[in-house]
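Participant: Encoded as structure tokens, here's the structure I'll be asking about.
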């Protein structure tokens, strides 16, 4: 079960999303966080500090984004509570992905190069890439991992809304239990 710092499915943070937290107008990520709640299908997990969103591009089954809900530009800007909360999110998300789909490893990446290249503010976020030796199937769909163990650059596996909901539901079942 989830600890108290993690919101129950359907619960909204006291601040209701990013709207009452500092936001940077020219940040590419901040607008996605405004009014985002745990009720949104793509939101797998939300804490006071972090939100986990399932990516529509499932080139790695369970691929997600973990984003700081308050605008901070670098990892060195994170405080002790941010790090502690992130640790809990990592523990919960990795466990859910491994139980739901049998991932062999879950890789995390924190790159903010695109924002810098476009001369925009960076925003701390992580990309989560579950990896499967030999690939994996879910709900009749095959998710190959043919570049294992190398990183699969530019892979695309956009899933339809029905499969997306099933992937999201499976992960939420693992996160929140029955």
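The values are calculated or read from the model by the stated rules, or taken from the named source; none is laboratory data. Values in this document were obtained by computation on a predicted structure and should not be read as measured data. Every residue, glycine among them, receives a Cβ derived from its backbone with ideal geometry; neighbour counts consider all protein chains shown.
Participant: Identify, please: which residue in region 137-154 is under 28 Å from residue 50 (Cα atoms) and touching a helix residue (DSSP H, G or I) at 6+ places or on another chain (Cβ under 9 Å) and is, among those, surrounded by the fewest Cβ atoms within 10 Å (Cβ to Cβ)?
Facilitator: Here the answer is 138.
Participant: Of all residues in region 129-151, which are part of a strand (DSSP E or B) and either more than 16 Å from residue 98 (Cα to Cα) or touching a residue at least 24 places away in the same chain (Cβ under 8 Å) (or both)?
Facilitator: Filtering region 129-151 down to residues part of a strand (DSSP E or B) leaves 129-131, 136-138, 141-143.
Within region 129-151, 129, 130, 131, 136, 138, 141, 142, 143 qualify.
Participant: State whether one or more residues within region 113-129 are closer than 18 Å to residue 44 by Cβ, at pLDDT 95 or above and exposed (fewer than 13 other Cβ atoms within 10 Å of the Cβ).
Facilitator: So far as region 113-129 goes, no, none of its residues is closer than 18 Å to residue 44 by Cβ, at pLDDT 95 or above and exposed (fewer than 13 other Cβ atoms within 10 Å of the Cβ).
Participant: Would you check which residues across region 85-96 are surrounded by 13 or more Cβ atoms within 10 Å (Cβ to Cβ), out of contact with any helix residue (DSSP H, G or I) (no Cβ under 9 Å at 6 or more places or on another chain) and within 14 Å of residue 50 (Cα to Cα) and list them?
Facilitator: Within region 85-96, the first condition is being surrounded by 13 or more Cβ atoms within 10 Å (Cβ to Cβ), and the residues that meet it are 85-86, 88-90, 92-96.
Within this subset, residues satisfying the condition of being out of contact with any helix residue (DSSP H, G or I) (no Cβ under 9 Å at 6 or more places or on another chain) are 85-86, 88-90, 94.
Correct list: 85, 86, 88, 89, 90.
Participant: Going through region 12-40 one residue at a time, which ones are at pLDDT 85 or above, surrounded by 15 or more Cβ atoms within 10 Å (Cβ to Cβ) and not in a loop (DSSP other than H, G, I, E, B)?
Facilitator: The answer is 30, 32, 33.
Participant: Got a sec? Which of 83, 108, 126 is more than 17 Å from residue 167 (Cα to Cα) and either assigned to a helix (DSSP H, G or I) or over 12 Å from the mean Cα position of the chain (by Cα) (or both)? Quick ask: steps written out before the conclusion?
Facilitator: Details: 108 fails: either assigned to a helix (DSSP H, G or I) or over 12 Å from the mean Cα position of the chain (by Cα) (or both); 126 fails: either assigned to a helix (DSSP H, G or I) or over 12 Å from the mean Cα position of the chain (by Cα) (or both).
From the options 83, 108, 126, the qualifying one is 83.
Participant: Can I ask one more? Would you confirm whether or not region 48-57 contains a residue that is closer than 30 Å to residue 137 by Cβ, surrounded by fewer than 18 Cβ atoms within 10 Å (Cβ to Cβ) and either more than 12 Å from the chain's Cα centre (by Cα) or at pLDDT 95 or above (or both)?
Facilitator: Yes, because at least one residue in region 48-57 is closer than 30 Å to residue 137 by Cβ, surrounded by fewer than 18 Cβ atoms within 10 Å (Cβ to Cβ) and either more than 12 Å from the chain's Cα centre (by Cα) or at pLDDT 95 or above (or both).
Participant: Looking only at region 152-178, filter to residues that are without any contact (Cβ under 8 Å) to a residue 12 or more places away in the chain and assigned to a loop (DSSP other than H, G, I, E, B); which one of those is nearest to residue 46 (Cα to Cα)? If you could, list the steps in order and put the result at the bottom.
Facilitator: So the first thing to find is which residues in region 152-178 are without any contact (Cβ under 8 Å) to a residue 12 or more places away in the chain, and the list is 153-154, 160-162, 169, 178.
This time we only want the ones that are assigned to a loop (DSSP other than H, G, I, E, B), so: 153-154, 160, 178.
Details: 153: 28, 154: 28, 160: 24, 178: 18 Å.
Looking at residues that are without any contact (Cβ under 8 Å) to a residue 12 or more places away in the chain and assigned to a loop (DSSP other than H, G, I, E, B), I get 178.
Participant: Since residue 126 meets every condition but one in (1) touching a residue at least 12 places away in the same chain (Cβ under 8 Å); (2) out of contact with any strand residue (DSSP E or B) (no Cβ under 6 Å at 6 or more places or on another chain), which condition does it not meet?
Facilitator: Every condition holds for residue 126 apart from (2).
Participant: Being over 25 Å from residue 162 (Cα atoms) and part of a loop (DSSP other than H, G, I, E, B) is true for just one of 88, 73. Which residue is that? Working first, answer last.
Facilitator: On the way: 88 fails: part of a loop (DSSP other than H, G, I, E, B).
Answer to the selection: 73.
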